[in-house]
Amino acid sequence: MAERGPDFEASASALGYVYQLREALHLCVSRLGNLDWSLAIEAGDDIEEVRRDGRTYYQLKHRAPGTRMTNASVDLWKTLRIWAHGIVHGQLDLDETDLILLTTAQLPDRSVGSMLQPEESRQRDEQSALEALKVTRGASKSEALTKAFVAFDLLTGAQLERMVSKIQVIGNAPDVDAVEQKLRQAAVTAVGREHATSFLIRLEGWFFRRTIQQLRAGSLDAITGLDFDAVFSDLRNQFGHANLPIDEDIAEMQADLPKHADHPFVRQLELIELGSSRVNRAVRDYMRAVSQRSRWLNENLLLPKEISRYERRLIEEWEELFDDMVDTLGVEAAEAEKVAAARNIYRWAMTEAQRRIRPECDEPFVAKGSFHILADDFRVGWHMDFLARLMAVLEPVEIASL
């Protein structure tokens, strides 16, 4: 067998972190409807859950298939060391804390792990488990377990008994892929099989970002049941027939004016002498709308021809006001009048039109950015002479599609 190098260890460690996050997310999903809890990563333990009636510390161990957790297992004793340290230093109150070791490893018969399974397994034997721990501690010469044995020895007999009574070992637990499948099934239940993948990508994305925020801020910023219920419900609603999801990474995009300075829609804004801050906002809305619409299309979240029907409605509303402006001004209008009237049309498009692609999809950048997309294709414009003016300054190939 080839020697396992540092790359293998790094991959296993990374997989463990993903497992930790997915298991934490699955815990949140399993508690939907119950708002009386909060959950933190790497606070009191790998996962710490706090409820009104107490708390639970979770230690998670993701191991390769076929792995067995024996009485001398590093996973077992490293976990005991963490909990014993917390007890000795007053950081873990056994009167209000349950201790769960969740491992994908198998638990051999009559091993400590098997004897500390939850009550429903009918194999639980706390006294025998404690005796087995003491025997292992006395017989083992493993240097890898030295620190764990030192922590174990610091506990009094009463503390050892109390700690063991609070421990539940769950072996042969679903691995990282199986947990993902559980999450996917929850997504199917929430939004249907067609949109389950898109829903889960966004839910995991929010959870990972929220976890990073919690890790930076500490346990005071733990995820609460109220937080999670609101986010889950809002995301589920975004996948309804009358709505579409708005993605945070897209909604937070900022303008890149230099990259878009020569785009026709920006040239159109120059024709009506728009200020730089408003041009920046236009570029921002254009970028957001292009990105969001592209993602909807890539994930098959839109109905056939839904974009084209939406754009037709926008164009027809614009045509009514644009033609009225042209008729009112006439061909002899002064440039100042043309610019003022064009600004009114543009103001209408940015503040009053706001036609939604779907009834409950109320994100403003969708309509605003869609108008800029149409302006970029010369299908709408603001200045009454926009076509003639742009044809004079842009390359002929850019107008060829008109």
Seminar exercise, completed: Scanning region 347-388 for residues that are surrounded by fewer than 17 Cβ atoms within 10 Å (Cβ to Cβ) and among the polar types (S, T, N, Q), the one nearest to Val279 (Cα to Cα) turns out to be Thr351
Exercise. Quick one: in region 90-111, which of the residues that are among the polar types (S, T, N, Q) and closer than 13 Å to Gln59 by Cβ is surrounded by the fewest Cβ atoms within 10 Å (Cβ to Cβ)?
Worked result: Thr97
For this session: Select, from Leu94, Leu99, the only residue that is assigned to a loop (DSSP other than H, G, I, E, B), under 16 Å from Phe152 (Cα atoms) and either assigned by TED's automatic domain parsing to the domain that holds Asp125 or in contact with a Gly (Cβ under 8 Å, 6 or more places away or on another chain) (or both).
Result: Leu94
Problem set entry | Enumeration of residues in region 292-346 that are within 30 Å of Asn237 (Cβ to Cβ) and surrounded by fewer than 13 Cβ atoms within 10 Å (Cβ to Cβ) | Ser294, Leu297, Asn298, Asn300, Leu303, Pro304, Lys305, Ser308, Arg309, Arg312, Glu316
Exercise. Where residues in region 113-131 are among the acidic types (Asp, Glu) and part of a helix (DSSP H, G or I), which of them is farthest from Leu60 (Cα to Cα)?
Worked result: Glu131
For this session: Please work out which residue is surrounded by the fewest Cβ atoms within 10 Å (Cβ to Cβ), limiting yourself to region 112-155 and to residues that are touching a residue at least 40 places away in the same chain (Cβ under 8 Å) and closer than 13 Å to Gln168 by Cα.
Result: Pro118
Exercise. Does region 198-214 include one or more residues that are aliphatic (A, V, I, L, M), at pLDDT 95 or above and within 22 Å of Tyr57 (Cβ to Cβ)?
Worked result: no
Exercise. Which residues, taken from region 252-297, are basic (Lys, Arg) and without any contact (Cβ under 8 Å) to a residue 12 or more places away in the chain?
Worked result: Lys259, Arg278
For this session: Give region 26-60 a look and list any residue that's of a type outside the set (A, V, I, L, M) and assigned to a strand (DSSP E or B), or say none.
Result: Trp37, Ser38, Glu48, Glu49, Arg51, Gly54, Arg55, Thr56, Tyr57, Tyr58, Gln59
Seminar exercise, completed: Of Trp382, Trp348, the only residue that is in a loop (DSSP other than H, G, I, E, B) and touching a residue at least 12 places away in the same chain (Cβ under 8 Å) is Trp382
Exercise. Which one of the conditions (1) among the small types (Gly, Ala, Ser); (2) touching a residue at least 60 places away in the same chain (Cβ under 8 Å); (3) within 20 Å of Asp46 (Cα to Cα) does Gly86 fail to meet, given that it meets all the rest?
Worked result: (2)
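Here is a yes/no grid of residues against (1) surrounded by fewer than 17 Cβ atoms within 10 Å (Cβ to Cβ); (2) touching a strand residue (DSSP E or B) at 6+ places or on another chain (Cβ under 8 Å); (3) assigned by TED's automatic domain parsing to the domain that holds Phe365:
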residue: Gly157; (1), (2), (3): yes, no, no
residue: Ile167; (1), (2), (3): no, yes, no
residue: Gly171; (1), (2), (3): no, yes, no
residue: Leu203; (1), (2), (3): no, no, no
residue: Leu226; (1), (2), (3): yes, no, no
residue: Gly240; (1), (2), (3): yes, no, no
For this session: Report yes if some residue within region 187-195 is of a type in the set (S, T, N, Q) and either under 40 Å from the mean Cα position of the chain (by Cα) or over 24 Å from Gly44 (Cβ atoms) (or both); otherwise report no.
Result: yes
For this session: Only residues that are farther than 14 Å from Asp377 by Cα, of a type in the set (Val, Ile, Thr) and in contact with a His (Cβ under 9 Å, 6 or more places away or on another chain): list them for region 248-278, please.
Result: Ile272
Exercise. If we keep just the residues of region 11-47 that are in contact (Cβ under 8 Å) with a residue 60 or more places away in the chain and among the aromatic types (Phe, Trp, Tyr), which is surrounded by the most Cβ atoms within 10 Å (Cβ to Cβ)?
Worked result: Tyr19
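The values are calculated or read from the model by the stated rules, or taken from the named source; none is laboratory data. This structure is a prediction, so every number in the text was calculated from the model and none was measured. In this analysis, Cβ positions are derived from the backbone assuming ideal geometry, glycine residues included, and neighbour counts consider all displayed protein chains.
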